[in-house]
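Notes to accompany the following structure.
What follows draws every value from the coordinates through simple rules; no lab data is involved. In this text, all values refer to a predicted model and were calculated from it rather than measured experimentally. Don't worry about glycine lacking a Cβ; one is built from the backbone with ideal geometry, like all the others, and counts go over all protein chains shown.
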Amino acid sequence: MPDPSPSLADRGATAGEDLRMQLRVQAKVIEAQRAELTRRATEFEPALRAAGIGLWACTLPDERLEWSDGVYDLFGLAPGSPTDRSRSLALYTADSRRALTTMRNRALGEGSGFSLDAEIVPPGRPSRWIRITATVERRDGVPVRLFGLKQDVSEEHHRLERMRRQSETDALTGLANRACFEARLRQPVGTLFLIDLDGFKAINDTFGHPVGDLCLREAARRIAQACGGADRKAGLVARIGGDEFAVVLDSALGTGAAASCAARIVEAMSRPFGHGGRCYRLGASVGVARSGAEASDPFTRADAALYAAKAAGRGTFRLSGAMARRLTDA
């Protein structure tokens, strides 16, 4: 009597058909989900576009891009116009392009997403900052697609930049402030000039703070101009106290060049300053030090040289010990 139970082949065929049925159902579910996502994206696209947000995707390995209209807007391109990854990358600044490449490669290698603020320069428009969020889609452990959002965050960056400048800038003169100067001193210093105004207190006490403020602004302008010569620009010009200024040059000037720069500052500040029918006279005492010239730090040596200039009668400059000896020998 034949065995009524299905054969191994029959059972295998049935299991195969069941699996194919499951895959077909799963494909229909995925397609339905994709259609629903597309429908929702279409509904929300006007709102996202108005908010400076766009959807993007990049398939792998062909790196074909898909952009919503919002992304085209960010890059200053007509919606639907042909684009590719090389063309879009060309619109990033060099630093942002390097950062994006590094983070993208890391995400693909690790299977993780990333978020990055990048600067782009749309054709014929000012630069803008965009925030990129990316997710990696993998199949069988292999990355097949990157997708996410791109959002205009230019105003946020401009606001943060204004706050940073305000925190580092002297409100009266527009120069760097003491906090910025002290931060700069934590880096290698080429040549340092410390400057005290001579006669400022008398002007401020006699004519009042409005005139004193005008004198400080004029002093800031003259010092910056004196140190921004044709061959060498000041790395930093700062107001570090009431009538105290400092200049940090990125390079270590030779003794003669340092003396010439200090002399220009003294000469510039010795010229009368006219305002409101009056003539005001200021002066400057300057102390100069150079990195590596002696064991102590440049600020300590420049400060000692400044007090030596004051002791010499003001309206002059002094170099720190080793530099002064070289100048005397010369």
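Rank by packing, highest mean first: peptides 268-280, 245-257, with packing defined as the count of other Cβ atoms within 10 Å averaged across residues.
Ranking, from highest mean packing down: 245-257, 268-280.
Residue by residue through segment 151-168, what is 3J(HN,Hα) from phi via Karplus (6.51 cos²θ - 1.76 cosθ + 1.60, θ = phi - 60°)? Round to whole Hz and write x for glycine and proline.
Per residue, the Karplus-derived 3J(HN,Hα) values read 9, 6, 10, 4, 5, 4, 5, 4, 5, 5, 5, 5, 5, 5, 4, 5, 6, 10 Hz.
In terms of the Cα gyration tensor, with a ≥ b ≥ c the square roots of its eigenvalues, is segment 169-329 rounded because a/c is under 1.5, prolate because a/b exceeds b/c, or oblate? Before the final figure, lay out the partial values.
On the way: a/c = 1.90, a/b = 1.53, b/c = 1.24.
It comes out prolate by the Cα gyration axes.
List, in order, the whole-Hz ³J(HN,Hα) value for each residue of segment 107-122 obtained from phi through the Karplus relation with A = 6.51, B = -1.76, C = 1.60 and θ = phi - 60°; use x for Gly and Pro.
Residue by residue, segment 107-122 yields 5, 5, x, 9, x, 9, x, 7, 9, 8, 9, 10, 9, 10, 10, x Hz.
Based on the Cβ-Cβ distance from Val144 to Arg98, what FRET efficiency comes out when R0 is 22 Å, to the nearest 0.05?
On the way: r = 25 Å, r/R0 = 1.14.
Computed FRET efficiency for Val144 and Arg98 comes out at 0.30.
With +1 on each Lys and Arg Cβ and -1 on each Asp and Glu Cβ, and nothing else charged, work out how big the dipole of segment 169-329 is about its Cα centre, in Debye to the nearest 20.
260 debye
For Asp205 and Ser251 in the same chain, what is the full-extension length gain: residue separation times 0.36 nm, less their Cα-Cα distance, in nm?
12.7 nm
Tally Lys/Arg at +1 and Asp/Glu at -1 over every other residue whose Cβ is under 11 Å from the Cβ of Ala90; what's the total?
That works out to +2.
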